[in-house]
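S.K.: Sharing a structure, written as structure tokens. Questions coming.
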């Protein structure tokens, strides 16, 4: 004590004592804080009870600092909360099965399908269709006063000792190694509405009624038609040049079919030839492309010679046709090419047979196409033969009248509903190309027969289609002048489109 008194009697001694005390206080505080954040390796638990995970211990400590009171419980919202989610129909699944899989009761699922059946066939739904669901999830108040979604499975719990009293607390999935219930299996207590768009121009909404049932409403968007004039120069193929100009694929296919009676796409097209097309496309009010309308005009310039076609409907009970500037139908009696995108692999005439190993007459034209390529009837007629025919494999003969017939060999299969004696339209798909019979690869063997004798399909002159005369010719000329005026006032879209987009994928500007 005398030494301490002597030390504190001086100014330096007093400062040293204060400094030492302050250092001890700070060190103690840091040590206490460090101990507070250390995980508990051996918590005090009742004998026979599970140990208390540290994360759960921290949650209990936070709950003990702000205990729930009856007033707090009253302030919580006991009413069901409204939530929404988007689900997708999987391949092979049904609408009822999909709804039940995400937690909707069987009663609500069947009620939705029953309501849809009045205006929409649920069997027409395709895999990948998305649905927007709105539903209410029942809320319950747990022991800590918080709200949580009610689940069908009994929650996993454990018992811990807090203040020497047993307390039952839930166990989180992160604290339990056992299997947990998937998120998609959580129940939806009440389905409020279901919304989807089966097509880009249609929307279907199913809502719950006040009586507890469901009612469906189908709305159709008012589409806006936009007319496009596009064209370009052919470098390699018409299809590629048209796609580079931003023309939709379905328009290109229709244009190829339109000219297939007049143009041999294997031999008549050369680099530098031009094309132009004037067509309609429909868009939603938001500017999204919806569907292709029709081609009003198309032109191909081959070797400096222009071939122009105009859309015209001579008979209101028949579909529209295409005619040249003089009123001559674009359709010939027979198409030159009965498959799209075909390459001639073998022509008409004497050749060395690659399978038989000797030279013999090849009485048709072979088009190299992949297996399953649709084969169209070259002209309207009746199926005379359909079946197996030795080296031809699956074989079809179509009789067109006036002594004309066409034959198709090496087919993989026939289209549904096709049989001997059936009538076919010109351009109708009746079979699919294949590799049956004596072949070295997949292709279509095509023949034209006149009075049962095979002739060269590439050189034979076909009878032309109908020629408009009289009143129909005058009506066509007026229609042609109207189309020409519209084309003259429409800007030509010839800019190469982005490689990943075309007119069907871009919004209307």
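S.K.: It is to be established whether one or more residues within region 205-216 are in contact with a helix residue (DSSP H, G or I) (Cβ under 8 Å, 6 or more places away or on another chain), closer than 30 Å to residue 95 by Cα and outside any strand (DSSP E or B).
M.R.: yes
S.K.: Right, here's the next one. Can you name the condition, by its number, that residue 246 falls short on among (1) at negative phi; (2) touching a strand residue (DSSP E or B) at 6+ places or on another chain (Cβ under 8 Å)?
M.R.: (1)
S.K.: Which strands (runs of 3 or more DSSP E) sit wholly inside region 376-455 and have at least 1 residues that are touching a residue at least 12 places away in the same chain (Cβ under 8 Å), more than 34 Å from the chain's Cα centre (by Cα) and surrounded by 15 or more Cβ atoms within 10 Å (Cβ to Cβ)?
M.R.: Result: 381-388, 394-401, 404-414, 444-450, 453-455.
S.K.: Among the residues of region 74-88, are any at pLDDT 85 or above, part of a loop (DSSP other than H, G, I, E, B) and exposed (fewer than 10 other Cβ atoms within 10 Å of the Cβ)?
M.R.: Within region 74-88, none of the residues are at pLDDT 85 or above, part of a loop (DSSP other than H, G, I, E, B) and exposed (fewer than 10 other Cβ atoms within 10 Å of the Cβ).
S.K.: Moving on to the next point. What about residue 121, is it at pLDDT 80 or above and surrounded by fewer than 14 Cβ atoms within 10 Å (Cβ to Cβ)?
M.R.: yes
Listed here are the residues, each with its yes/no results for (1) outside any strand (DSSP E or B); (2) free of Cβ contacts under 8 Å to residues at least 12 places away in the same chain; (3) over 36 Å from the mean Cα position of the chain (by Cα); (4) farther than 13 Å from residue 262 by Cβ.
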position	(1), (2), (3), (4)
280	no, no, no, yes
287	yes, no, no, yes
297	no, no, no, yes
317	yes, yes, no, yes
335	yes, no, no, no
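S.K.: Still on this model: Examine region 464-483 for a residue that is within 23 Å of residue 410 (Cα to Cα), in a strand (DSSP E or B) and under 43 Å from the mean Cα position of the chain (by Cα), and state whether such a residue exists.
M.R.: no
The values are calculated or read from the model by the stated rules, or taken from the named source; none is laboratory data. Quick caveat: nothing in here was measured; it's all calculated off a predicted structure. Note: ideal-geometry Cβ built from the backbone for every residue, glycine included; neighbour counts use all protein chains shown.
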